[in-house]
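Asks: Here's a structure for you.
Values in this text are rule-based calculations from the coordinates and carry no lab data. Not measured: the values here are computed from a predicted model. For neighbour counting, all protein chains shown are included, and Cβ atoms are generated from backbone atoms with ideal geometry for every residue, glycine included.
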Amino acid sequence: MNYYIINTNSFALSDKSKIIYLHKSIDETKYIIVTSETIDGYIATFESAAALEEYTKEYPSGWVGDNTGITQEEMEDIKYIEGI
Amino acid sequence: MPNISHINNKAIADVAVFNGKNISDIGEVITLTAATTPSFADSFAVAKSITTGTAQAVYIADSDGHFNFTHNQAYTISFWIKPGWNSSLNTNVHLFSSTTAGSTSANDNMIRLFYHESLNRLYFEYRSASNAKKSNFYLFHSNSGNHAAAYAAAGLGSTYWSAANRGNVGDDDFTMITVAKSTTNSAGSSYAKVYWNGTWLGNGHYGSNGTGQGTPNMTSVDRQIALGSNTWTYSKSGNSTETQFNDLTIWNKQLSASEISELYNSGARLDATTHSAAANLQMYYKLENNGNDTSGNSAPAFAVNGNSNFESV
């Protein structure tokens, strides 16, 4: 599995069927995605869900409104479903 | 006994005959009225601080044998909520959570109801391990398919649930959220029914059988319980302003739709000890300026810590 921060253009080009988790920034200009697809045009990439969690906890501003970050458990449980 | 001034909207002086008797011959009238639904003066709710940690939590550290439901037990959890979060929350807020007493893991006999603000989904989930879990969710902004019932019940329209858009509410802008689970090991809508103000939210996204991974196998150990946060980090409590919770009831059976409607009581919070299923009331927290259980079962009290506090409704 791959863990990225991408922009809206990269998201538009991504294979939605391979995304299992999506989290938009509060201003909706950047997306955190967990996907089986390899994406080249990313803003940032992480080695693991744990590393991504750590990043969001260290820099929650802009991603979550309660300053808590995004946990691995959320990445596993809040499934991306295209269209809703 | 007050004096009677009118009968059937006529002044008593104008009524000559009542039920075939001259009014002057009637010494006393016993008036039978339709049974009224008992309620009580509900003056307070608990407001959960948006700050994380047990020092700010509204929680029971150990349910002391009163809350230890397993995957194959029936139960009902119901509470009233008045959201304080806004549309910038962009994550989930936990409404009700329980895990094994003393555990810091989300995977220890967890039962939870949480709302994911950025997706406008209300989730019910339970699990015994990270790979042994069952869930379903209810989407509020789509008036089609499996989501149409939730759309109608919540009344939020196309705008997501928040303090600025509370949708269909009962008294004092509170909404009663209820999950009633059967003995079947599933969070699907045939087995775990979720209600908004006593109205069933329908099949939910994953339908009658729900979704999940593996087979939860929960043990009947004591649990810690929280309102307004999870129970492993005591976080996910919302943003902006405090969310209020009121009148938590926990029942040791799956309440029927009519029993949940009775509890909703047309939006006026009911004294649950007068409910027709009161014999199945396991824990009852009115949160009337204290965290005490009033079910009669002597369950442990809620601690209300830090900036969390009781507020007038």
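Asks: Rounded, prolate or oblate: which fits the protein assembly as shown when a ≥ b ≥ c are the square roots of the eigenvalues of the alpha-carbon gyration tensor, with rounded for a/c under 1.5 and prolate only if a/b beats b/c?
Replies: Prolate, since a/c reaches 1.5 and a/b exceeds b/c.
Asks: Name the residue from B:W251, B:F96, B:G204 whose Cα lies farthest towards the positive end of the charge dipole of chain B, charges +1 on Cβ of Lys and Arg and -1 on Cβ of Asp and Glu.
Replies: The Cα lying farthest towards the positive end belongs to B:G204.
Asks: Something else about it: For B:D171, B:D293, which order do you get if you count the other beta carbons within 10 Å of each Cβ and list the fewest first?
Replies: B:D171, B:D293
Asks: Right, something else. Would you mind classifying segment B:80-147 by shape? Square roots of the alpha carbon gyration tensor eigenvalues, ordered a ≥ b ≥ c; an a/c under 1.5 is rounded, otherwise it is prolate if a/b is larger than b/c and oblate if not.
Replies: It is oblate, given that a/c is not under 1.5 and a/b is not larger than b/c.
Asks: How large is Rg over Rh for segment B:216-266, taking Rg from the Cα atoms and Rh as the Kirkwood inverse mean of 1/r across Cα pairs? Write down the numbers at each step before the final one.
Replies: Details: Rg = 15.0 Å, Rh = 14.3 Å.
The Rg/Rh ratio comes out at 1.05.
Asks: Work out, step by step, the length gained on full extension between B:S208 and B:N292: first 0.36 nm times the residue separation, then minus their alpha carbon distance; give nm to one decimal. Working shown, then result.
Replies: Numbers: separation 84, 0.36 × 84 = 30.24 nm, distance 3.62 nm.
My answer for the length gained is 26.6 nm.
Asks: If the cut-off is 17 Å between C-alpha atoms, which aspartates and glutamates fall inside it for A:K18, apart from same-chain ones fewer than 8 positions away?
Replies: The reachable aspartates and glutamates, counting only those whose Cα sits under 17 Å from A:K18, are A:E37, A:D40, A:E76, A:D77, A:E82.
Asks: Sticking with this one: Under 20 Å Cα to Cα from B:K286, which aspartates and glutamates show up? Leave out anything in the same chain fewer than 8 places away.
Replies: B:D42, B:D62, B:D64, B:D171, B:D172, B:D173, B:E242, B:D247, B:E259, B:E262, B:D271, B:E311
Asks: Okay, moving on. Hey, what's the Cα Rg ratio for chain B versus the globular rule of thumb, 2.2 N^0.38 Å?
Replies: Rg over 2.2 N^0.38 Å, computed on Cα atoms: 1.14.
Asks: What residue among B:Q224, B:I260, B:Y284 has its Cα farthest toward the positive end of the dipole of segment B:221-297, where the charges are +1 on Lys, Arg and -1 on Asp, Glu, each on the Cβ?
Replies: Final value for the positive-end residue is B:Q224.
Asks: Taking each pair of different alpha-carbon atoms in segment A:2-77 once, compute 1/r for the pair, average those values, and report the inverse of that mean as the Kirkwood hydrodynamic radius in Å to one decimal.
Replies: It works out to 12.3 Å.
Asks: How large is the charge dipole for chain A, taken about the Cα centre, if only the Cβ atoms of Lys, Arg (+1) and Asp, Glu (-1) carry charge, to the nearest 20 debye?
Replies: Numbers: 6 positive and 15 negative charges, 50 e Å.
Its charge dipole is roughly 240 debye.
Asks: Next up: Please report the relative contact order for segment B:128-233, taking Cα pairs under 8 Å with a sequence separation of at least 6, and give it as a percent rounded to a whole number.
Replies: Computed over segment B:128-233, the figure is 32 percent.
Asks: Now a separate question. Between their Cα atoms, which of A:K24/A:K57; A:K24/B:K82; A:K79/B:K134; A:K30/B:K48; B:K48/B:K134; A:K16/A:K79 are more than 23 Å away from each other?
Replies: A:K24/B:K82; A:K30/B:K48; B:K48/B:K134, as the Cα separations exceed 23 Å there.
Asks: Let me ask you something else. Under 8 Å for C-alpha pairs, at least 6 residues apart: give me the relative contact order for chain B, rounded to a whole percent. Write out the running numbers ahead of the final one.
Replies: Values: 818 pairs, mean separation 91.1, N = 313.
Rounded, it is 29 percent for chain B.
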